[in-house]
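Just below is one structure, and these are the notes that go with it.
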Amino acid sequence: MISSIALDRRSVFDPESTELGALSWTYRALNLLHVRTAPSFIRRELLFEEGDCYDSFLVSESERLLDGYGFLAGAEISSEDDGRGGKAVLVQTRDEWSTKVDVGVTYDATLNLEKLEVTEENFLGQGVFAEFTHRQRREIKAQSFALGTPRLFGRTDARIEYGRDRPGTFFDQFLRYPFIGETGRYSVRQGYSRGTTFFSYSTDGSAEYSQVLVPQFREIVELSAAQRFGEPGRSWIAGLTLTHDVIRFPAEAQVAYGVDFNELQPFPGDLPPFLADQMTESAATRLLLHLGTRRYSFVEYEGLDGLRDRMLVGLGMYAGASFGRGFGVFAPAGVPGVDDFFGRLHGTFSAPIGSSLLHGGLTVESRRDRGTWRDVLLDSDLVAYLRNDDLSSHLLFLRASVAGGWLTSMPYQLSLGGREGIRALAEDRYPGGRMARFTIEDRILFPWPRAGSADLGMSVFADVGRVWDGDVPYAVNSGWQGGVGVGLRVGLPSRTRNVWRFDVAFPVGATEGEPVFRFTFEVNRFRAGFFTPDVLRSRRYNIGAEHF
């Protein structure tokens, strides 16, 4: 039986981590400005209470639930005999700095103020999220306000956001009662979103303009419910989703010259057929059936995404399928209704190899409309984090990615270059319809500064990849392109999950161009998932059994 539950709530900075008196004083002053996570919030996340029988599984699940919050740098739950036949439980948490003024300055060919964000992630220590954001990167120039809580009516997640981008306004709202850890049996979702954004096509020198910007309006209504069966850690999921999806193109395409997205011009002349084919308006009400299975146990790893951060990783596999029927009902005036069949497959696995980790994932979707398979999208990754116990300061990161699209009727284009592609290439170099990329990176942790104050390391990396044209606007067959580089990785405070990178990459072999310097955040992150962003922005169906 659990006789007592004690909380050890640690603030952001540890004054004892440094021998410099001035720095220690600064840490204490900063901690005074920070509101620590409230005891009531932490206790509500626990799946047990005083008087319950001690269950090690519920203890580990509670630790994982706490660890999942971005405003906590880590959580650890331990227990010991109380000398009277019971268990005394200790819950230790350490906060991340929750009040943030994030000035997202990056350097990627030019100096960019990509983001100005004022955020409170843990208002009054209760997990309430409030944010104002200004984002400006290439075709995106958006301002938005958002408010969210993980504790609306118990354990329901709620969020609302309103903002404006270059082509118009956008609104997003959701309520989600998720499966609680591995013990929850039911999940319900409701969501509504609408807005107009630009889809940007790179021409990569094949036209006098550098980008074609297509304004795309999308409105989605979603109602979902799912139930989980079986034992915790070895469960089956069955769910249903009802959606209403409207896609329109409310204005003419525009073009940008060079990197100037502030002075857009109308598209010169008529749209070419290869571009018009991807601007198909549609509306459909769809009913989806989701089936999936999870086989997971959780183990703590250190220094995967960051330098010294700790993260609970699910070892095992997930496999799921979603399929259903669309009906062309409730279509707005002037928008064609669509009757189609569609399907989606998604699977992931994570497996330990000694102290190393292997991870892979695959997502593929398509629909059948008037006897023809269309909008086939595929995205797959294989990732390895390799460690040698004799070289504990080194982590070898390997990633192989393939992605592609076929017969697309929505805006779609991949790009080989950029910070999430071949890093020695400028943004939007080599547009294509299908892509293969390979990355190898040696991440080295420096023994200084002293653990507890800050994290510092470096990386040496190489990228190689290519695109094939397919049936995509302005696409090319690039041939194999590659680059090598070196970078500095910085995490502050120590054990943070947020790592900044200062990288310089050099083209090699047949790859043309100048060295590219980038100052960005870490993009290869296990916690965020591995996927190709250019595929994600074109997905028609982005819900499966794994999202409950």
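Readers should treat all values here as calculations from the given coordinates under stated rules, not as data from a laboratory. Worth saying up front: this structure is predicted, and the values here are computed from it rather than measured. Using ideal geometry, Cβ is built from the backbone for each residue, glycine included, and neighbour counts are taken over all protein chains shown.
For this structure, a couple of remarks:
- Cβ-Cβ FRET estimate between residue 351 and residue 116, R0 fixed at 51 Å, reported to 0.05: 0.80
- Among 472, 188, a tally of other beta-carbon atoms within 10 Å of each Cβ gives an order, fewest to most, of 188, 472.
- Around residue 256: net Lys/Arg minus Asp/Glu count, Cβ-Cβ under 10 Å: -2
- With K and R counted +1 and D and E -1, the other residues having a Cβ less than 12 Å from that of residue 413 yield a net charge of -3.
- With neighbours defined as other Cβ atoms within 10 Å of a residue's Cβ, the residues 270, 277 order from fewest to most as 270, 277.
- Local electrostatic count, residue 206, Cβ distance below 14 Å [Lys/Arg +1, Asp/Glu -1]: -3
- Taking the helices alone, the chain has a mean residue ellipticity at 222 nm of -2000 deg cm²/dmol, built from -39,500 (n - 2.57) per DSSP H run of at least 4 residues and averaged over all its residues.
- Degrees separating the helix 21-33 axis from the principal Cα axis of the chain, which is the longest one: 70
- Per residue, the convex hull around the alpha carbon atoms of the chain comes to 162 Å³.
- FRET efficiency estimate (nearest 0.05) - Cβ-Cβ, residue 295 to residue 370, R0 45 angstrom: 0.70
- The share of Cα pairs per 10 Å bin across region 152-279, counted from zero up to the longest distance, runs 11, 29, 23, 18, 15, 5, 0 percent.
- At 1.306 mPa s and 10 °C, Stokes D of region 318-434 from Kirkwood alpha-carbon radius, µm² per second: 91
- Approximate spin-label separation residue 223-residue 263, in nm, with each point projected 7 Å along Cα-to-Cβ: 5.1
- Residues 87, 141, ranked from the fewest to the most other C-beta atoms within 10 Å, line up as 141, 87.
- Residue 492-residue 208 pseudo-label distance in nm [points 7 Å out on the Cα-to-Cβ vector]: 4.8
- Region 449-548: radius of gyration over Cα atoms, expressed as a fraction of 2.2 N^0.38 Å: 1.41
- The angle separating the long axis of helix 56-67 from the principal Cα axis of greatest extent in the chain is about 60 degrees.
- Maximal additional length on extending the residue 7-residue 327 stretch stands at 109.9 nm, based on 0.36 nm per residue less the C-alpha distance.
- For the pair residue 390 and residue 169 in one chain, pulling the backbone fully straight at 0.36 nm per residue adds 74.1 nm over the alpha carbon distance.
- Given their separation in residues at 0.36 nm each and the Cα-Cα distance between them, residue 38 and residue 145 gain 36.0 nm when the chain is fully extended.
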